[in-house]
Amino acid sequence: MVERNEAIIILAEGLQFEEAIIIPRLQTFLSNLRRSDIGERVKDEVEERAIHMLKETSEHSAILTKLLRKVAGGSQHEY
Amino acid sequence: MNIEELLSELREIHALEVKARDFYEVKLRRFNDPAIVKALSKIRQDEEGHIQIASELINMIEEYKPEDFILKEALTTFTDKSVFLLVLNVESYQKISTATLKYLVNQKGFRCLYIAVNKPSSTLSEIYKTEGINVDALSFIDCSVMDTGSGYPTVNPENLTELSISISTLLKQMSEPRYIHLDSVSALYIFNQSDKVEAFTQFLIRKLKAEKAGLILVSVKKEVDEKSLQRLRSFCDRALEL
């Protein structure tokens, strides 16, 4: 069981990691992939899967934001 | 951006996904709230999937060979009895079809009977001259326009019988080694029903095998449905998707 303040720190850390590190990394990769010399067929396949990762990472960010709001605005002392 | 740089980025993404998975793995054990545990477990599971995807993408790019390398490797085995199907993206179609012709004519010394369904022979001749292809080794049958004034026979692409007759006539005038470059078989599907195109292709293959002439069938991706493409693949010695 974790105290409210610590719960906020953990969730914020997760959110920061997803939003500030993973999402920009995937976006840069996708942009570099498009400009690369790799053939179109392989490029399309790699792009499709990287976009899937990006979409799920954005979902994580939304989930963590929702949890953070819940904990920050909640009356419980422990989670 | 070269392949090594892309690989380096993917390895970095892989490492970040591992870090994220480990983070949620450790932190979710500290929570008791069922909604939070469920949400973090779902994220942890997704991160596991991302690690798997990143590993597969690394493998895919490590094993990647450029299209022109794959094409040349395949064409080294092409003989006057071979039948190859090239299934090409619309973006790379002209480049790869031209590279195929250039390799077979300039490097392997084939004479080519070019069936021009997509573009008139006059346009193609100009392109191929610019590309340094030995155009003296080429003969054309024009199916895209009527009466081009080029001196080459013109055939309505709906009339596959006439096309067969023209091929037979011109093939007799060509010295060996020789092959037919059908550009493109997929365009014939626009003018004919699929069973007719497939019967024509089968007939052509039988005829060319008997007469010692190779065949390159060019098909533009998405112009032919998968069922027809599967049938065309089954007729050929080799099918390349580039």
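The values are calculated or read from the model by the stated rules, or taken from the named source; none is laboratory data. Here the structure is a predicted model, which is why all the values come from computation and not from measurement. So basically every Cβ, Gly included, is an ideal-geometry build from the backbone, and we count neighbours across all protein chains shown. Calculation scope for accessible area: heavy atoms of the full protein, side chains included, ligands and nucleic acids excluded. Shrake-Rupley method; radii C 1.70, N 1.55, O 1.52, S 1.80 Å.
Of note:
- On the principal axes of its alpha carbon atoms, the protein assembly as shown extends 92, 37, 32 Å, with the longest extent given first.
- Here's the list of aspartates and glutamates a cross-link from residue B:172 could span, going by alpha-carbon distance under 13 Å and ignoring same-chain residues fewer than 8 apart: B:211.
- The solvent-accessible area of residue A:13, taken with every protein chain present and a 1.4 Å probe, is close to 90 Å².
- Taking all protein chains together and a 1.4 Å probe, the residues B:221, B:196, B:227, A:70 rank B:227, B:196, A:70, B:221 from largest to smallest accessible area.
- Put simply, the convex hull of the Cα atoms in chain B casts, on average, a shadow of 17.2 nm².
- Label point distance in nm, residue B:161-residue B:210, each placed 7 Å from Cα along Cα→Cβ: 1.8 nm
- What chain B shows is 46 Å² of accessible area per residue, with the surface traced by a 1.4 Å probe over protein heavy atoms.
- Set of lysines near residue B:196 by C-alpha distance (under 17 Å), chain-local residues within fewer than 8 positions excluded: B:207, B:227
- Here is the interface size for B with A: some 3700 Å² of accessible area buried, both sides summed, with a 1.4 Å probe.
- With every protein chain in place, chain A: carbon and sulfur % of accessible area (1.4 Å): 50 percent
- Exposure rank, largest accessible area first [B:152, B:93, B:179; 1.4 Å]: B:152, B:93, B:179
- With DNA, RNA and ligands ignored, accessible area of residue B:225 (1.4 Å probe; Å², nearest 10): 90 Å²
- Looking at chain A, the accessible area is 54 square angstrom per residue; that uses a 1.4 Å probe and ignores ligands, DNA and RNA.
- Within a Gaussian network of chain B (alpha carbon springs, distance under 10 Å), most fluctuating of B:57, B:182, B:204: B:57
- Candidate lysines for bridging to residue A:70, where Cα separation is under 17 Å - those fewer than 8 sequence places away on the same chain excluded: B:38
- When the surface is traced with a 1.4 Å probe over the full set of protein chains, residue B:92 keeps roughly 10 Å² accessible.
- Shown is the FRET efficiency for residue B:37 and residue B:195, computed with R0 = 56 Å from the Cβ-Cβ distance and rounded to the nearest 0.05: 0.40.
- Note on A:53-61: average number of Cβ atoms from other chains within 10 Å of each residue's Cβ is 4.
- Neighbouring partner chain Cβ atoms per residue of A:28-37, average, 10 Å criterion: 4
- Accessible area per residue (1.4 Å probe, heavy atoms of protein chains only) ranks A:77, A:52, A:60 as A:77, A:52, A:60, with the largest value leading.
- Share of carbon and sulfur in the accessible area of chain B stands at 50%, probe radius 1.4 Å.
- Separation of segment B:160-235 and segment B:1-58, taken as the distance between their Cα centroids, equals 50 angstrom.
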